[in-house]
Amino acid sequence: MLRGAVAAAAWLRGPCRGEGKVAARRRCSAARRREWVPPAGWDSGIVAYNSRSRSKGPLILATEGVATWYSCGPTVYDHAHLGHASSYVRFDIIRRIITKFFGIEVIMVMGITDVDDKIIKRANEMNISPVALARIYEEDFKQDMAALKVLPPTVYMRVTDNIPQIIAFIKTIIASGQAYATSQGNVYFDVESWGKRYGVLTAIYPDTQDESVDTDKQHGKDFALWKAAKPQELSWTSPWGKGRPGWHIECSTISSAVFGKQLDIHTGGIDLAFPHHENEIAQCEVYHQCEQWGNYFLHSAVEFSDKSMDDAKHLLQAISSFIRDANAYIKGELLCDPVREDILWERLANTKVTVKAAFADDFDTSRAVAAIMDLIHHGNRQLKAVTKDAGSPRSSVVYGSIISYIEGFFNALGMSFGERQVALGGDNSAVLSNVIDELVRFRAKVRHYALALPEADNTVPVEGAMGAKGLKQEQKEKRQQLMRERKPLLEACDSLRGDLAAFGIHIQDRAAVSTWEIKEGGEAEQQTEK
């Protein structure tokens, strides 16, 4: 707040005071520096990388416990692609972290671009109206996001529902002297007169480009706020004639209509940093006559490979396997040696601290997940199956707490292990999971019966040693006979496990329970029952 007051006072005392308002604004704005100023407000306890400051620093919000967030939505002319999915999932995870782990309420607005050159072109190709096309793909986008478990914004706002507000926004920029209308009915933002204030997100300055001007622009760097309508094109009446909004003005208007001149967070793909977000900043700072609009800009880049996907699958399968084994242990289906509860309680407490610290450091999900996997590693080390119940007390509470924390962690990030959604794909994944469950359960019963052989009685009276010897031999022969009779059942169990392994379904036989998981990349290791 103090820095802003000092900057404002310095501007008033500067050499521009005696000039006309428009000329002074242009000359002084061109001379201003582009440094980012930390906003006044409430420290969230999170440190984040800010594209606007090009550095990592404290995330300071205007209102305690509340984050205002504008998200650039899709241009709805086609189906969403991998880039859309990657970007929105990443920011959804950040939003969930802010909300679930730091208790901050997020008020998010997403703009939907439902009028655009691409929309008009595609609508003409399909011989339908641009509005109808936009509604089709808008709904398609929302369904895709729901399938990815991306939380919807607090409110969606369409460009076509905000045309009067956009026109008013443009009129204010023109009145400030920072935009101009042409005889052809277009309106452009005057980038050159904005000077060094342009380029806060990139190293691109107006004077570094010298494009030829093939349109009615004054300079090649200027960008459209309003586009004059072409024949038979979707248009609205404006002071400059029939036309429609430019691409960048819509987000500036929509975000300003909801949040005014104070915006905490702005997000989008890295491809939007320039020119889209750069132009948004310029428009809003002119409109609101403020030194800094949009305090934190967060951008994502698409990072995808088959290896990264395989690594993620294997990691999630390991988590699913641990949860199943731990649940089996709690229910008494998995027999283990006594557990060192003190070690596990300590590991759980340390994990919670590490996860919170990782998320506070630029939403470091990699470090947070690594802490979860370390906890699972120590939990697995103590789940050592034994063949006989020694009567030792089970440590159900500590394993229940670990399961609860791990599932809560992933549920908070929009993931669930309840239906093995990671291991199985397709619309019928839940049904297939249940079928495999029943198959493995039936196999376990057959295997248990085949292995349930009578033990020879070693406790015999001394005076009847000769008679006992004959009885023991008889029991041994009977047991061998049962083994021969039941051997085909064990072989059938082995054969079924081998057949399922060929499809990547790996069955693990414990002392009293059998579990399964998907294991891709070749047949799983097979074990012969004895």
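The values are calculated or read from the model by the stated rules, or taken from the named source; none is laboratory data. Only a predicted model underlies this, so the values are computations on that prediction, with no experimental measurement involved. Because the Cβ atoms are built from the backbone with ideal geometry, glycine has one as well, and the counts that use them run over all protein chains shown. Only protein heavy atoms, including side chains, enter the accessible area calculation; ligands, DNA and RNA are left aside. Shrake-Rupley method; radii C 1.70, N 1.55, O 1.52, S 1.80 Å.
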On the accessible surface of region 186-319, probed at 1.4 Å with all protein chains in place, carbon and sulfur together account for a percent value of 52
Protection proxy (average C-beta count within 10 Å per residue), highest first, orders 39-51, 302-314 as 39-51, 302-314
Result for region 93-199: accessible area per residue, probe 1.4 angstrom, in square angstrom, of 43
The local net charge around Asp144, scoring Lys/Arg +1 and Asp/Glu -1 for residues other than Asp144 whose Cβ lies under 13 Å from its Cβ, equals -3
With the 1.4 Å probe rolled over protein heavy atoms, region 44-83 has an accessible area per residue in Å² of 40
A 1.4 Å probe over the protein heavy atoms gives region 49-130 a carbon and sulfur accessible-area percentage of 53
Rounded to the nearest 10 Å², the accessible area of Ser300 using a 1.4 Å probe with every protein chain kept is 20
Taking only Cα atoms of region 310-375, the Rg to Rh ratio with Kirkwood Rh works out at 1.05
Once phi for every residue in region 182-190 is put through the Karplus expression 6.51 cos²θ - 1.76 cosθ + 1.60 (θ = phi - 60°), the whole-Hz ³J(HN,Hα) values, with Gly and Pro written as x, are 10, 5, 8, x, 8, 10, 10, 7, 8
For Gly220, the residues 5 or more places away or on another chain with a placed amide H closer than 5 Å to its own amide H are Glu211
The local net charge around Arg367, scoring Lys/Arg +1 and Asp/Glu -1 for residues other than Arg367 whose Cβ lies under 13 Å from its Cβ, equals -3
Extend 7 Å from the Cα of Gln165 along its Cα-to-C-beta direction; within region 90-120, residues with backbone N under 12 Å of that point are 109-112
accessible surface per residue for region 320-405, probe 1.4 Å, DNA/RNA/ligands not counted, whole Å² -> 50
With Rh as the Kirkwood radius over Cα pairs, region 260-391 has Rg/Rh of 1.23
Heavy-atom accessible area of Thr68, protein chains in place, probe 1.4 angstrom, given in Å² to nearest 10, is 30
